[in-house]
Every structure is written in structure tokens, then in C-alpha cells.
Amino acid sequence: MSHRLFSPLPLRGVTLPNRIGVAPMCQYSCVDGLASAWHMVHLGSRAVGGAGLVLLEAAAVTADGRISPGDLGIWNEAQAQALAPIARFIAEQGAVPGIQLAHAGRKGSTSRPWEGKAGIPPERGGWPVMAPSALPFADGYPLPREMSEADMDGVVEAFANAARRAAAIGMQVIELHMGHGYLMHQFLSPLANLRRDAHGGGFEGRIRMPLRVAAAVRDSLPSELPLFVRLSATDWVDGGWDLPQSIALSQRLKAQGVDLVDCSSGSIRPGSQGSGEPGFQVPLAAAIRRDAGIATAAVGGITEARQAEAILQRGDADLILLARALLRDPYWPLRAAAELEATAPDWPVQYQRAVTRMRG
Ligand SMILES: Cc1cc2nc3c(=O)[nH]c(=O)nc-3n(C[C@H](O)[C@H](O)[C@H](O)COP(=O)(O)O)c2cc1C
């Protein structure tokens, strides 16, 4: 039978060789936002392992847009140059390199997760944060200042500049992080956006800033490069951002030249993350794909080759993104191909002597 998981996915001028992507995963392992040998090994292994798309972790578009002091950055040229060999290596393995661009807003200036997630004061390397409204994410998190028009203009420009830098060093997919309670999601959700001006209130006001960012990034990218947006398709909270609004936003994003919506959920508040059961976010990807007529990525609790294949066969999504399953096993795609008795992806020539063993 033909396997959707190992069929190519053309998007604008870029073709993913298969439909398995590495979901963006912060490594909190940078100094001054610079990628290191860790990133080369971590991301390179997943490209060697056969993923068709390797999406780099949330890269901050400004220094104050970082979640923690260890975040990856792409607000200057030195950071872009540190990423260039990683993009090149991923492409040399036959995978497509991409990067997620992000601004943490009120969830910035916090410690690395393994140091206990909490706000950090300036004397320990913290910084002032901003958000649509002066509401902290939770107790122990910094109090953001309410963003001015000038702040918003600066963020739009920072996203566009970051996208330009990413494209220039060989990233072929750009994803905008508009989920997980970070800055763009803070604009979208009525739980975080209490503004009374043109950037708040009803749906049109709350989507204004994310649409501005998407438009500016699209304009700054060559037309052959695909643009993804990651949404938290629902806040899982009554009165919050929800699936109907995500569908309506996805239609607007599509009209602006966004090519795919990566359907995650939750995290506008502590603990609002959905069930976490296998494939729990797949219905969100299915609904957005069907009702907004845009390609989607399914992510979250996808661990098995047959499960991933079934999602694609049902037409619930166009792409499967894996995070933790690929941390456990960077060769997940090669194992999935063997399990599904599919022929792709090619093993690296250097590893050919291991192939018969795996297939046998
Ligand atoms: C270590 C780690 C870091 C993550 N960092 C990011 C990130 O930078 N950007 C993002 O959108 N999601 C991030 N996520 C969420 C994943 O992309 C993914 O949506 C989530 O883990 C669910 O997929 P899974 O069940 O395959 O792990 C991270 C997840 C993990 C485990």
C-alpha cells in the first residue's frame, strides 16, 4: 500500500521529502542566544534519523522576547551565522531545515525549566517584559508593562528582520509561534488581552497584531519559502480563545500567504493544557484543515508509526510533528519506515551496513 507518511509534501517551492517533522523544542542551552555544538548534534541527529523537516526551537526575535537567558536568538547577525552550518548540515542529509520565530511577552525573563520555572529578577539576569495588558502569567512571574504602539511596531519589525536573517542562512520553512501563551497568543486570547484600543476587544482587534506580524514576515520572505503558524487552537478555558476563532483566524492567515497551521493548544494559563492523551490535538488540526481549507500539522501525543499514518490517511492533517518521541528515538522515522514496510527515507550511506539488520 502507499504510505502517506513517506510521501513528499510540496509547499510553495519547497518539498518535504516525507511528512515527519521535528516539532520545535527549546533546548535552553544558549549563551547570548547563540546556537552551540549541542544544537548541531541534537538537530543533526534528527536529520540523520530521517525526519523530512527539522524545525528549530523557538528563536527569540528580540533579547526581551526570550523565555529564559538560555534561549536561542535570531535578533542579530552573529546568532544567524551560528545557525548557518546547522541549516546546511540538515539540508545535506536530505531534510528541510526550518525555524520557529518567537516572542515570549509576559512569559519572558524566567529560569530554565530544570532550574525551576519562575520569574528571575534583574540581578540574576532577568529583564523587563511587556504584553498586551499588564497582567502576569501567574504568581511568581514578572509583571509586564502594557505595550505601546511603538512597542508593537518594534515587534513587527523584529519578526520581519528575523525571518529575513533565517532565509538568508538557508532556513527553508519559517514558523511563527502564536501559541502556548507567548506574545502573539497573549494578543489573541481574551484571557490575556484586556485592551480597549484597536488591538483588543473583539475578535478583529485581538487578531490585528498577529496578522500584522504574519503579513510583515510574508513580505520579507522569498515567495518560494513556506510560512507556518503555530496556534494554540483552543485555550481549553470557557471564555478564552477557542476552535471557531482559530478556524476564522486560519482563513485570514491563509489569505495573507500562510501555508500551514501547526495545531497545538493551551498554556495561556498555568495548567490549561488539554488532556495530553494520545493524539488529543488531532481533532483541532482536522477541523482547521476542513473548515479553513488550509494545510495543517498534527502534533501532541503522537508516538506510533501506524497512529501517524492513520492521521494522514483520514485527511486530518498534512504533516505530523513529533517532539518527545523524537527525543526518545532520533531514528523514529527509520524505524517507522521499517514498521510500515515503506521504502523511504534513505539511510545515510555511512550507516548502510546496519540497514539489512533493521529490516530483517
Ligand atoms: C523539550 C521541549 C521543548 C519544547 N519547546 C517548544 C518550542 O520551542 N516551541 C513550541 O512551539 N513548542 C515547544 N514544545 C512543545 C512541542 O513542540 C510539542 O508541541 C509538544 O511536546 C507535544 O508534542 P509531543 O507529544 O510529540 O511531545 C516543546 C516540547 C518539549 C518536550
task: Per DSSP H run of at least 4 residues, take -39500 (n - 2.57); add these up for the chain, divide by its residues and hand me the 222 nm value, nearest 500 deg cm²/dmol.
output: -10500 deg cm²/dmol
statement: residue 144 neighbourhood, Cβ < 11 Å, K/R = +1, D/E = -1, net charge 0
message: Could you identify which residue out of 46, 19, 145 has the top mean-square fluctuation in a GNM of the chain using Cα springs shorter than 10 Å?
response: 145
message: Test of understanding: extend the Cα→C-beta vector of residue 339 to 7 Å, then name every residue of the stretch 258-283 with backbone N under 18 Å from that spot.
response: 277-282
- prompt: Excluding residue 183 itself, what net charge comes from residues whose Cβ is under 9 Å from its Cβ, given Lys and Arg +1 and Asp and Glu -1?
  reply: +2
message: Can you give me the distance in nm between label points at residue 45 and residue 237, each placed 7 Å from the Cα along the Cα-to-Cβ direction?
response: 3.6
field: Backbone N under 11 Å from the residue 327 label point (7 Å along Cα→Cβ), restricted to the stretch 15-29
entry: 25-28
- line: Mean separation of Cα contacts under 8 Å (at least 6 apart) over the residue count of the chain, i.e. the relative contact order in percent, is 17
- prompt: What's the center-to-center distance, using Cα atoms, between the stretch 116-194 and the stretch 201-267 in Å?
  reply: 15
statement: Reduced to Cα centres, the span from the stretch 1-42 to the stretch 79-111 in Å works out to 10
message: Counting only other residues whose beta carbon sits under 11 Å from that of residue 7, what net charge do I get with K and R as +1, D and E as -1?
response: 0
statement: One can check that the equivalent ellipsoid of the chain, built from the alpha-carbon gyration tensor with semi-axes equal to the square roots of five times its eigenvalues, has lengths in Å, largest first, of 32, 23, 19
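Every number in this text was worked out from the coordinates using simple rules, so none of it is lab data. In this text the structure is predicted, and so the values were computed from the model without any measurement. Cβ: placed from backbone, ideal geometry, glycine included. Neighbour counts: every protein chain shown.
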